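Written below as structure tokens is the structure these notes are about.
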Amino acid sequence: MISIIGLLLSVLTIIILVYRGLNTIPVSIIASLVIIITNGMDPWPTFTDDYGLAMKNFAGSYFLMFVLAAIFGAMMDRSGAAFSIAYWLMKKIGKQRVILIIFLTTLILTYAGISTFLVAFTLYPIAIALFRAADIPKKMFPGAVLAVAATITMTMLPGTPSIQNVMPTQYFGTTIFSAPIIGIVCSVLTFYLNYLYLVKQQKKLALAGEHFVPGANDSTVNLEQSSTSDFPGLIPSLIPIIALLIALFALKGVVESIYSVIIAMAVSIVMGLILFRHRQSLSDVLNNGSKNGIIALIVTASVVGFGGVVKNAPAFHSFIDLVNSLTFDPFVSSAISINIFSGITGSAAGGLGIFLTALGAKFAAANVNMDALHRIVTMSSGALDAMPHSTGAVVASSIAGLEVKETYKYIFVTCVLVPLLAVVLAIVMAEMGVV
């Protein structure tokens with residue numbers, strides 16, 4: 001019993017310490033110590049094997065992706081390409097609809113195959129230029145970019161290429177297009193509610209006298225005082241992003257997904273450096289991009305390290321046994337189970353992977369519509385996964401140069417509360433046979 005309390009206390013520790021302003025790295029170590037002490041684990045092998053190995057594996061696997069993504073963002077920023085795109089969007093759609101611009105751009109890029117991590121780096125310089133023009137505090141950026149990337153295109157829309165949408169196909173004999181009606185209806189609901197909430201918060205912050213405050217590494221370009229002659233042309237500015245998408249599609253199925261992202265990023269960076277060679281300093285782009293990418297990587301890897309301790313704690317195996325004993329309707333019990341796993345580990349893919357490995361065969365044998373079950377388990381992985389120690393929240397906040405405590409209010413509503421409502425709707429629709 002003490003071990004289970006300790007596991008829950010460790011998650012609570014992360015939430016409290018993050019909100020007190022502590023950096024994620026020491027917080028992940030302190031929270032791991034709570035688990036170690038209450039679960040009677042040996043500290044040294046736990047930190048070197050469970051924490052250290054999980055952290056090392058993540059950092060090793062994603063090192064190039066984080067660094068190249070950050071270099072890409074720096075290149076788009078320093079060359080003025082990001083501002084050219086932002087300027088065009090602002091003139092066509094209006095600075096009063098910045099949140100809508102971010103939503104639509106994120107939807108297009110992530111549904112096309114760009115990962116949540118990558119889209120945050122890619123969109124940041126564009127978003128910040130728009131946020132400055134509309135005078136929106138940058139603390140809203142993580143909630144805005146994750147509102148679509150970590151919900152609709154990660155788990156809801158049929159056909160989305162995310163790993164969360166692929167994993168259930170191996171257990172349920174389904175496809176990534178499973179339950180299209182449920183997926184589309186829940187996507188529309190999520191888009192509408194998240195947009196409504198963030199627009200309301202934008203107005204509330206304006207009335208409270210809060211303004212856009214640039215960070216130390218943010219560009220000082222002001223779109224309101226600029227003209228098209230200040231930036232590269234729109235078409236050249238879009239070429240690196242288009243090249244990225246084309247490369248991702250061309251490499252799909254040819255090499256592993258992580259390698260396709262790395263190659264595609266490298267191609268788009270080289271193209272951008274050639275196109276904008278007279279508008280930026282090569283050393284500035286490479287140095288700043290590398291530094292920002294490594295910082296984001298280490299901060300995120302520390303959270304993954306905590307997840308490694310969690311998954312090897314005796315209490316976590318007790319949770320698996322508890323979940324296995326649930327006797328609710330399969331749709332309901334699967335949703336509860338995955339949210340527990342994802343919430344504790346702070347990872348949608350991690351929580352879904354644990355569920356499918358431990359209980360996938362059991363639920364595959366249930367007498368329910370497998371397409372509906374596929375969509376429900378996928379969507380359920382993307383709700384409580386967005387706790388303060390989730391990789392998405394940490395990465396998006398780190399990119400913006402902010403602490404999670406400054407940004408989490410918006411992330412919680414857009415990536416936890418609204419997706420939970422969508423899961424409930426999905427279950428109701430599945431029970432009614434609307435798939």
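The values are calculated or read from the model by the stated rules, or taken from the named source; none is laboratory data. Please read all numbers here as calculations on a predicted model, not as lab measurements. Glycine gets a Cβ as well: all are built from the backbone with ideal geometry, and neighbour counts include every protein chain shown.
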Would you be able to tell me the number of residues in region 26-66 that are crowded, with 22+ Cβ neighbours inside 10 Å, of a type outside the set (F, W, Y) and within 30 Å of P125 (Cβ to Cβ)? 3
Within region 35-55, considering residues that are at pLDDT below 90 and under 22 Å from the mean Cα position of the chain (by Cα), the one farthest from A313 (Cα to Cα): M55
Criterion: of a type in the set (S, T, Y) and farther than 30 Å from S3 by Cα - qualifying residue of T38, T105, T24: T105
Expected single match for in contact (Cβ under 8 Å) with a residue 60 or more places away in the chain and closer than 16 Å to F319 by Cβ among S10, S32 is S10
Tally the residues that are without any contact (Cβ under 8 Å) to a residue 12 or more places away in the chain and under 22 Å from L17 (Cα atoms), restricting the search to region 403-435. 1
Name the residue, out of F72, F47, F58, that is assigned to a helix (DSSP H, G or I) and within 19 Å of L286 (Cα to Cα). F72
What pairs can you find where one residue is in region 286-297 and within 12 Å of R78 (Cα to Cα), the other is surrounded by 16 or more Cβ atoms within 10 Å (Cβ to Cβ), and their Cβ atoms are less than 6 Å apart, with a gap of 6+ or different chains? N288/A74; G289/A70; G289/I71; G289/A74
For residues in region 87-117 being of a type in the set (S, T, Y) and farther than 18 Å from L234 by Cβ, which is farthest from the chain's Cα centre (by Cα)? Y111
Quick check: anything in region 393-411 among the aromatic types (F, W, Y) and more than 18 Å from V303 (Cα to Cα)? yes
Condition first: without any contact (Cβ under 8 Å) to a residue 12 or more places away in the chain, small (G, A, S) and surrounded by 13 or more Cβ atoms within 10 Å (Cβ to Cβ). Can you find one or more residues in region 242-252 that meet it? yes
Filter region 129-148 for residues that are farther than 24 Å from A266 by Cβ and either of a type in the set (V, I, T) or under 18 Å from the mean Cα position of the chain (by Cα) (or both) and give the result. I136, K138, K139, M140, F141, P142, G143, A144, L146, A147, V148
Within region 66-75, is there a residue that is in contact with a Phe, Trp or Tyr (Cβ under 8 Å, 6 or more places away or on another chain), among the aliphatic types (A, V, I, L, M) and closer than 23 Å to P388 by Cβ? yes
Does F316 satisfy the criteria of being more than 27 Å from T38 (Cα to Cα) and of a type in the set (F, W, Y)? no
Can you confirm whether region 1-11 contains a residue that is under 26 Å from E403 (Cα atoms), touching a Gly at 6+ places or on another chain (Cβ under 8 Å) and of a type outside the set (G, A, S)? yes
Going residue by residue through region 92-112, is there one that turns out to be over 26 Å from L421 (Cα atoms) and not in a helix (DSSP H, G or I)? yes
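For (1) out of contact with any Gly (no Cβ under 9 Å at 6 or more places or on another chain); (2) at pLDDT 85 or above; (3) basic (K, R); (4) under 26 Å from I294 (Cβ atoms), each residue gets a yes or a no:
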{"position": "F72", "(1), (2), (3), (4)": "no, yes, no, yes"}
{"position": "M75", "(1), (2), (3), (4)": "no, yes, no, yes"}
{"position": "F83", "(1), (2), (3), (4)": "yes, no, no, yes"}
{"position": "Y87", "(1), (2), (3), (4)": "yes, no, no, no"}
{"position": "K91", "(1), (2), (3), (4)": "yes, no, yes, no"}
{"position": "F103", "(1), (2), (3), (4)": "yes, yes, no, no"}
{"position": "T106", "(1), (2), (3), (4)": "yes, yes, no, yes"}
Just checking, how many residues over region 168-213 are polar (S, T, N, Q), assigned to a helix (DSSP H, G or I) and surrounded by 14 or more Cβ atoms within 10 Å (Cβ to Cβ)? 6
If you take the residues of region 127-177 that are closer than 17 Å to L356 by Cα and hydroxyl-bearing (S, T, Y), which of them is modelled with the lowest pLDDT? S162
